[in-house]
Amino acid sequence: MKENNRLKENENISRPDSSDLNDHDSEQSENKASHAVKKRSKTKNVAIPLIPLRGTVVYPGVSLSLDIGRPASIEALREAMKAGQELVLVLQKDMMEDDPTSEDIYNIGTRGRVRQILELPDSMFKILVEGIECVQIISYAKTEPYFSVVVKKLKDKAAPELDEIWRLGASRSMIKLFATYAEMSGKITADPQVMIEEFSDPVVLINHISQLLPLKSEEQQAILENIHLEARVEMVLNYLQREIELGKIEKQLEEKVKTKINKSQRDYFLREQIRTIQSELDGDDESEQISDHEEMMQKLEESLMPEDYKEKMKKEISRFGRIPPNFPEATVQRNWIELLLELPFGRTDEEHLDLKKARRVLDRDHYGMKKLKERIMEYLAVRKLQLDKQEQSEVRSPILCFVGPPGTGKTSIAKAIAETLGRRYVRMSLGGIRDEAEIRGHRRTYVGAMPGRVIQGIRQADTDNPLFLLDEIDKLGQDFRGDPSSALLEVLDPEQNNSFRDHYVEFPYDLSQVLFITTANNGDMIPEPLLDRMEVIEVSGYTEEEKIEIARRHILPKQLKLHGLSKDQFHMTRGAIAKTISWYTREAGVRQLERELAHLCRRVAIKIAETGVKSIRLLPSMLEDMIGTRRYTYDVVDRKDSIGITTGLAWTYSGGDTLTIEVNVMPGEGKLQLTGQLGDIMKESAQAALTYIRSRSEELGLDGEEIRKSDIHIHIPAGAIPKDGPSAGITMATSLASALTKRPVKYDIAMTGEITLRGRILPIGGLKEKAVAANRAGIKTILIPEENRRDLEEIPDTVKKKMKIILVNHMDQVLEQALGPEAETATKL
């Protein structure tokens with residue numbers, strides 16, 4: 001049974017009266033019908049209601065179930081039920097036509113009688129009709145609101161020579177072929193032997209077989225219209241033979257495919273059938289649905305990836321289309337293809353090359369950092385000139401490494417640089433990463449394989465020229481899973497990163513347009529091959545003056561906003577900011593300062609909320625009442641010249657600091673004892689300093705024999721803190737000379753420098769931080785190596801104005817400047 005009349009059956013139509021269309025008493029219905037037929041036989045040219053059919057033909061003598069839902073068809077059905085229950089059922093030419101006209105309907109159809117009727121939801125009706133005879137439309141008596149036609153019976157024209165023997169042979173031939181077709185297709189439930197017993201007339205067989213065969217509507221109509229019995233028999237036999245041949249081919253194909261189908265494939269086909277059925281139930285238009293395969297191919301055509309990549313991608317997408325979706329490999333393949341299609345492959349953002357605007361953006365959020373800002377401006381200027389000359393292929397982004405103490409703005413300045421250049425910002429923290437696959441990705445054959453974080457960052461930015469920040473590069477680790485720092489060698493090498501290979505992606509990817517910026521607290525912790533590929537820019541700690549400006553311009557306004565305060569409600573004097581820095585912080589950056597200012601804002605908020613005061617002006621004298629007693633003092637330990645005590649200068653990760661070196665000389669066996677958790681390099685410096693002092697014993701007025709009979713103890717306080725490095729060499733030599741000669745060391749002098757056995761002074765690092773620490777501690781004079789003259793320009797002018805800086809190249813100069821005359825009033829240990 002075929003579905004028909006369903007393509008536009010949801011219109012709002014008026015329901016027929018129940019007396020007309022609901023289920024009838026069978027006996028009353030038969031009486032009515034016979035009465036109407038007798039009446040029509042006496043009256044010629046009586047109009048009968050017509051219902052156009054879509055996709056099916058009703059044959060005489062055959063009963064068929066039809067769904068009726070179009071308004072015109074409902075009206076025709078209502079009229080038929082009033083007068084004899086007869087209808088003319090004719091195929092319409094265009095199945096998709098919802099409102100056919102007389103031109104859209106074939107001229108030959110079947111007169112039938114309604115046997116049963118059932119009302120369905122949505123104003124539809126299901127009827128069982130029985131074909132009576134084939135008729136030809138003579139004229140249309142009515143076309144609105146339904147069709148009503150005058151018809152005449154169409155009789156078969158059988159040739160005179162077609163006797164009963166021919167009819168029996170034709171019937172048997174059709175029954176035989178139909179039996180073969182029924183057995184092969186498995187779709188026919190009727191027993192052909194029953195048909196042989198019931199139907200020996202070829203006309204009846206033609207009608208029944210034509211109704212059961214899967215013929216096109218045009219082929220069904222051709223059989224109905226043909227009035228020559230011999231031709232109709234030949235048509236049915238041809239159609240039967242065709243369907244048998246098609247059935248054989250289908251069976252052969254099924255047998256071949258069946259050998260290749262395993263359980264998973266069977267499940268796949270079942271799911272596809274369920275999906276198709278669900279699509280039909282939901283009313284989705286298949287033409288509007290785009291398969292995953294087609295969508296991927298469309299994205300591939302739109303992608304900017306090279307053509308040789310596209311060829312391989314097409315093969316991989318085709319392979320994906322053949323993998324059943326429930327296979328684990330399907331998910332792996334899908335993820336890989338989607339990643340490749342989402343990578344930009346040469347798509348870049350337009351850069352901002354306005355140097356004036358760039359300088360304003362850099363100065364807006366960050367104070368100081370002169371060297372770093374100038375390097376960015378140099379890059380911008382070169383980039384602008386190259387693009388003006390259309391030398392795009394020669395433009396390569398530098399690999400910058402910002403090295404400096406924590407809290408000095410290395411990470412935040414990178415974000416400001418991205419805004420300055422008009423590039424998207426991607427940050428990747430490298431702290432604690434130990435697996436090489438984090439950088440290069442996993443091979444996609446592994447379960448849970450993923451691309452490396454570099455490719456993930458490019459995918460996230462959706463452009464090939466982002467600013468990529470590799471944060472805390474000095475804190476990379478390594479273990480049995482590989483060395484991430486070695487994997488970064490290719491990423492951060494301008495000569496190689498134009499063909500970076502991620503294990504997951506497999507294709508070489510061009511990273512040459514990415515601006516890589518790395519940050520580190522300690523450059524010594526970065527592997528040498530990796531450090532060699534980067535341009536290192538030192539980001540030194542801030543001076544007190546710089547911290548005051550940063551607090552006034554950036555930190556305090558930010559904290560006021562976060563704590564619901566306005567500038568009118570809370571004003572902090574410059575002196576109060578300075579004392580907050582010196583009393584409550586000891587750092588090169590400003591993170592602790594930000595926390596202390598946030599603490600002050602909270603205390604002010606409490607006072608305003610509790611007392612109702614409108615504004616508070618904070619003075620230095622109010623700090624201890626607001627946030628507690630001071631934590632740090634930077635005064636010199638002793639305001640007197642002392643024997644054996646010298647102030648040195650040290651560099652730490654948090655900036656510069658002062659340290660005190662104490663020496664005691666005691667009778668003994670000439671032993672040297674070192675305490676204060678000193679490293680090997682510092683211990684060696686102490687031995688070198690003692691050797692130098694013993695070698696100069698005659699010039700210093702010392703008795704060499706007495707030195708050999710004395711034990712010497714060198715101690716550096718703050719024993720819980722590890723200390724190492726050669727720059728305390730001249731400080732220890734000065735303390736040794738003071739202790740042995742009994743000459744005091746001036747309390748307001750500090751020094752730094754490495755000493756050799758012959759007394760030469762070698763250069764040191766971190767001069768700016770050390771000078772700032774000395775100024776903070778109230779030191780008036782510092783002694784530095786002559787070879788560090790080149791670093792004097794890094795020392796802030798405010799520091800140089802407050803201190804005297806003396807350049808020395810030999811230990812004799814140091815002793816001359818640091819040691820005072822022997823005096824009884826000097827403090828002795």
Inset, instruction - Report the label-to-label distance for Thr675 and Ala222 in nanometres (one decimal), using points 7 Å from each Cα along the Cα→Cβ vector. - result: 11.6 nm
Inset, instruction - Determine the gain in length on full extension of the stretch Lys176-Glu338; use 0.36 nm per residue of separation and subtract their C-alpha separation, reporting nm with one decimal. - result: 52.6 nm
Legend entry - Order of exposure, largest accessible area first, which applies to Asp510, Asp471, Asp483 with probe 1.4 Å: Asp510, Asp483, Asp471
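Evaluate E = 1/(1 + (r/R0)^6) for Asp479 and Lys614, where r is the Cβ-Cβ distance and R0 equals 60 Å; express this FRET efficiency to the nearest 0.05. Spell out each step's value before the answer.
Working: r = 60 Å, r/R0 = 1.00.
The calculated FRET efficiency here is 0.50.
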Inset, instruction - Name the residue farthest towards the positive end of the dipole of the chain from the options Ala520, Ala76, Leu362, assuming +1 on Cβ of Lys and Arg, -1 on Cβ of Asp and Glu, about the Cα centre. - result: Leu362
Inset, instruction - Any aspartates and glutamates with Cα under 19 Å of the Lys800 Cα? List them, leaving off those in the same chain fewer than 8 positions away. - result: Glu544, Glu545, Glu546, Glu549, Asp635, Asp657, Asp748, Glu769, Glu786, Glu787, Asp791
Inset, instruction - Let me know the charge dipole size of the stretch 546-688 about its Cα centre in debye, to the nearest 20, where only the beta-carbon of Lys, Arg (+1) and Asp, Glu (-1) is charged. - result: 1020 debye
Legend entry - Centre separation in Å (Cα based) which lies between the stretch 576-613 and the stretch 436-459: 45 Å
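In the stretch 639-735, which trypsin sites (Lys or Arg not before Pro) fall in coil by DSSP and have 15 or fewer other Cβ atoms within 10 Å? Walk me through the numbers on the way to the answer.
Details: sites: Arg639, Lys640, Lys671, Lys683, Arg694, Arg696, Arg708, Lys709, Lys723; in loops: Arg639, Lys640, Lys671, Arg696, Lys709.
Here the trypsin sites (Lys or Arg not before Pro) that fit, given the DSSP loop and packing criteria, are Arg639, Lys640, Lys671, Lys709.
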Legend entry - Sites Arg790 and Asn522, calculated FRET efficiency, Cβ-Cβ separation with R0 30 Å, nearest 0.05: 0.85
Inset, instruction - Would you mind checking the radius of gyration and Dmax of the stretch 482-546 based on alpha-carbon positions, in Å? - result: 15.1, 53
Inset, instruction - Enter the accessible area of Asp568 (Å², nearest 10), with the probe set to 1.4 Å and all protein chains included. - result: 130 Å²
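Could you please put Val57, Val536 in sequence from largest to smallest accessible area, using a 1.4 Å probe?
The ranking, largest first, comes out as Val536, Val57.
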Inset, instruction - State, to one decimal in nm, how far the label point of Met377 lies from the label point of Leu700, with both points 7 Å from Cα in the Cβ direction. - result: 5.0 nm
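Put Arg167, Arg111, Arg617 in order of accessible area, largest first, 1.4 Å probe: what do you get? Can you show the working numbers first?
Details: Arg167 60, Arg111 35, Arg617 140 Å².
Heavy-atom accessible area, descending, gives Arg617, Arg167, Arg111.
Show me the ranking of peptides 341-350, 728-737 by mean Cβ neighbours inside 10 Å, starting with the highest. Mind dumping the intermediate values first?
Working: 341-350: 15.3, 728-737: 29.0.
By packing density, highest mean first, the sequence is 728-737, 341-350.
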Inset, instruction - With all protein chains present, calculate the accessible area of Thr660 using a 1.4 Å probe and round the result to the nearest 10 Å². - result: 30 Å²
Inset, instruction - For the chain, give the percent of accessible area contributed by carbon and sulfur heavy atoms, probe 1.4 Å, rounded to a whole number. - result: 48 percent
Legend entry - Heavy atoms of Ser486 accessible to a 1.4 Å probe, total area in Å² rounded to 10: 60 Å²
Legend entry - Approximate spin-label separation Glu144-Gln116, in nm, with each point projected 7 Å along Cα-to-Cβ: 3.8 nm
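Rank by packing, highest mean first: peptides 300-309, 122-131, 773-782, with packing defined as the count of other Cβ atoms within 10 Å averaged across residues.
Values: 300-309: 12.7, 122-131: 18.4, 773-782: 21.2.
My ranking of the peptides, most packed first, is 773-782, 122-131, 300-309.
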Legend entry - Size-normalised alpha-carbon gyration radius of the chain, reference 2.2 N^0.38 Å: 1.76
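Can you give me the convex hull volume of the Cα atoms of the stretch 695-761, divided per residue and expressed in Å³? Don't skip to the answer; put the middle values down first.
Values: hull volume 7.7 nm³, N = 67.
Hull volume over Cα atoms, normalised by residue count, gives 115 Å³.
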Legend entry - Cα centroid separation, the stretch 515-543 to the stretch 683-703 (Å): 38 Å
Inset, instruction - Compute the label zone of Met450 within the stretch 410-436: residues whose backbone N is under 16 Å from the point 7 Å along Cα-to-Cβ. - result: 427-436
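In debye, nearest 20: dipole of the chain around its Cα centre with unit charges on the Cβ of K, R (+) and D, E (-)? Mind showing how you got there, number by number?
Working: 120 positive and 135 negative charges, 580 e Å.
Using only the charged Cβ atoms, the result is roughly 2780 debye.
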Legend entry - Value at 222 nm in deg cm²/dmol, rounded to 500, when DSSP H runs of n ≥ 4 in the chain each add -39,500 (n - 2.57): -13000 deg cm²/dmol
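Nearest 0.05, what FRET efficiency do Glu311 and Ile244 give at R0 = 45 Å with Cβ-Cβ as r?
Working: r = 45 Å, r/R0 = 1.01.
That gives a FRET efficiency of 0.50.
Let me know the shape class of the stretch 714-829, please: from the alpha-carbon gyration tensor, a ≥ b ≥ c as square roots of the eigenvalues, rounded when a/c is under 1.5, otherwise prolate if a/b is greater than b/c, or oblate. The partial results should precede the final answer.
Values: a/c = 1.45, a/b = 1.37, b/c = 1.05.
Rounded, because the longest to shortest axis ratio a/c is under 1.5.
The values are calculated or read from the model by the stated rules, or taken from the named source; none is laboratory data. Given the structure is predicted, the values throughout are model-derived calculations rather than measurements. Glycine gets a Cβ as well: all are built from the backbone with ideal geometry, and neighbour counts include every protein chain shown. Side chains included, ligands, DNA and RNA excluded: accessible areas come from the protein's heavy atoms. Shrake-Rupley method; radii C 1.70, N 1.55, O 1.52, S 1.80 Å.
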